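The numbers here are math on the coordinates, done by the rules we state, and not lab data. Everything numeric in this text was worked out from a predicted model, so none of it was measured. Cβ sites come from the backbone with ideal geometry, for glycine too, and all protein chains shown count toward neighbours.
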């Protein structure tokens, strides 16, 4: 909220932005040209908000702007402007990004919190709305979350900030857990039970698109606590703590109705949920 107040826009979910085609209209949706590429280095929202959680000194050491060369979060050479090495600077465990209910994982530089930017059009249309699991119809271009890869503001959240998710728990990284909290030893991006990427707080690959999971046991209709790689997951009994657009935190039961959860996820779909648990 302090970031938005200072910058007059919400922080970007990640950089660079996605420039591919995007869907619009009612299911199954039509593809149209995407946004112009901004060409920024690879960084994640948790880096952008560092100055607003009393981590200004850390933020000042990270080069998020240089494009020639691209000073990505894991850039291993000396920044031409900061005179620091991003890959070294971000190797720090930040308690603000770790859930105290999750086991300690020192020197992993991980995060238990992430954001979801979108719901897959095909997954939503085919397995949710098309399967009769919604009480209303939504245009696929309305399946967007509060944080995006292009500039947006609180004003674009017409469904209400207190009724729209902002950040989610996805705890336990880089260890990969299944629905029974057993360690998944192998899989896409998994080696010996550990994620090979997409788990450090500075990594732009931490963000998720709901429905992109490659785990066949965790389809798009599974809300949480099935797989903590690209999925909502907590070490709390019966649900997880999720952050809303007004800065509040609520415990969301893992038995929440699917359509209600989607209503709480979308920012401007005209589908305001009556409950948040």
Highest first, please rank the peptides 243-255, 96-108 by the mean number of other Cβ atoms sitting within 10 Å of their residues.
243-255, 96-108
Mind giving me the nanometre distance, one decimal, between the label points for residue 127 and residue 237, set 7 Å out from Cα along Cα→Cβ?
3.0
Checked the stretch 174-222 against the a/c 1.5 cut and the a/b vs b/c comparison, axes a ≥ b ≥ c from its Cα gyration tensor; verdict oblate
Binning at 5 angstrom from zero up to the longest distance, how are the C-alpha pair distances of the chain distributed in percent?
1, 6, 12, 17, 19, 18, 14, 9, 4, 1, 0, 0
Multiplying the sequence separation of residue 1 and residue 54 by 0.36 nm and subtracting their Cα-Cα distance, what value in nm do you get?
17.7 nm
For the stretch 31-108, what is the largest minus smallest coordinate of the Cα atoms on each principal axis, given in angstrom and ordered from greatest to least?
43, 39, 22
Under the helix-only model (-39500 (n - 2.57) for each DSSP H run of 4 or more, divided by the residues of the chain), the mean residue ellipticity at 222 nm, to 500 deg cm²/dmol, is -2000 deg cm²/dmol
Over all directions, the stretch 73-141 yields a Cα convex hull whose mean projected area in nm² is 8.6
The stretch 121-277 - Debye-derived log10 I(q)/I(0), Cα point model, q = 0.10, 0.11, 0.12 Å⁻¹
-0.35, -0.43, -0.52
Say R0 is 41 Å: what FRET efficiency, to the nearest 0.05, do residue 186 and residue 257 get from their beta-carbon distance?
0.75
The stretch 2-265: antiparallel bridges as % of DSSP beta bridges, rounded to 5, reads 85
